[in-house]
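One structure follows; several queries about it will come next.
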Amino acid sequence: MEFHATRLLVRNFRESLAFYRDVLEFKGWHNDEMEYAYFEEKQLALFARERMPAAISTASTTSSPQFVLQFEIEDVDEVYRKLLGKGIHFVTPPTDMVDWGSRVAHFCDPDGNLIELYKSIRD
């Protein structure tokens, strides 16, 4: 399991994008419609906070997260099964997020911090 990125769940996507892209001059890509940005060199992503509950199919998470720790792995389903066997309760099972270009699963650590298992499914 390799650390992939910290995803900040931001209140105002456009304002945050302008700050990180224009003020701090981070290089990356963004999608205004999805309200998502990724600054690959910094391992930092931005995502509109109000969109996260819908993305993980829940009204809210246990901690109302402000960030998501992403870990890139080879096989989301395999790690999902392994962690289920260790008693991890998942917020979402392995799911293809086609708009994101990734397969993901989500769970929380003991303090309620949201963790994402991530595998790119882009061609």
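The values are calculated or read from the model by the stated rules, or taken from the named source; none is laboratory data. Treat the numbers as computed from the prediction; the structure is a model and nothing was measured. Counting neighbours? That spans all protein chains shown, and the Cβs are built from the backbone with ideal geometry, glycine included.
Go through region 17-40 and give me each residue that's of a type outside the set (A, V, I, L, M), more than 15 Å from Trp100 (Cα to Cα) and surrounded by 19 or more Cβ atoms within 10 Å (Cβ to Cβ).
If the condition is that a residue be of a type outside the set (A, V, I, L, M), more than 15 Å from Trp100 (Cα to Cα) and surrounded by 19 or more Cβ atoms within 10 Å (Cβ to Cβ), then Tyr20 is the only one that fits.
Just for region 50-78: of the residues that are assigned to a helix (DSSP H, G or I) and at pLDDT 95 or above, which one is farthest from Phe13 (Cα to Cα)?
Kept after step one, since they are assigned to a helix (DSSP H, G or I), are these residues of region 50-78: 50-55, 76-78.
Imposing the further condition that a residue be at pLDDT 95 or above reduces the set to 76-78.
Working: Val76: 28, Asp77: 31, Glu78: 33 Å.
Among them, the one singled out is Glu78.
OK, next. Mind counting the residues in region 84-95 that are more than 10 Å from Cys108 (Cα to Cα) and either loosely packed, with under 13 Cβ neighbours inside 10 Å or of a type in the set (A, V, I, L, M) (or both)?
To start, the set of residues in region 84-95 that are more than 10 Å from Cys108 (Cα to Cα) comprises 84-87, 92-95.
In the following step, the residues that additionally are either loosely packed, with under 13 Cβ neighbours inside 10 Å or of a type in the set (A, V, I, L, M) (or both) were identified as 84-87.
Within region 84-95, residues that are more than 10 Å from Cys108 (Cα to Cα) and either loosely packed, with under 13 Cβ neighbours inside 10 Å or of a type in the set (A, V, I, L, M) (or both) number 4.
Restricting the first residue to region 9-25 and requiring it to be over 20 Å from Ile56 (Cβ atoms), which pairs with a second residue that is modelled with pLDDT of 90 or more and of a type outside the set (A, V, I, L, M, F, W, C) meet a Cβ separation below 6 Å and a spacing of at least six or different chains?
Qualifying pairs under 6 Å: Leu17/His30.
How many residues, within region 80-123, are farther than 20 Å from Asn31 by Cβ and basic (Lys, Arg)?
3
Pairs needed: first member in region 70-82, under 19 Å from Gly101 (Cβ atoms); second member anywhere, in a helix (DSSP H, G or I); C-beta distance under 8 Å; at least 6 residues apart or different chains.
So the pair list comes out as Ile73/Val79.
Please pick out the residue among Ile88, Ile73 that is over 15 Å from Lys119 (Cα atoms) and not aromatic (Phe, Trp, Tyr). If you could, list the steps in order and put the result at the bottom.
Numbers: Ile73 fails: over 15 Å from Lys119 (Cα atoms).
Answer to the selection: Ile88.
Where residues in region 96-117 are of a type in the set (Val, Ile, Thr) and touching a residue at least 24 places away in the same chain (Cβ under 8 Å), which of them is surrounded by the fewest Cβ atoms within 10 Å (Cβ to Cβ)?
Ile115
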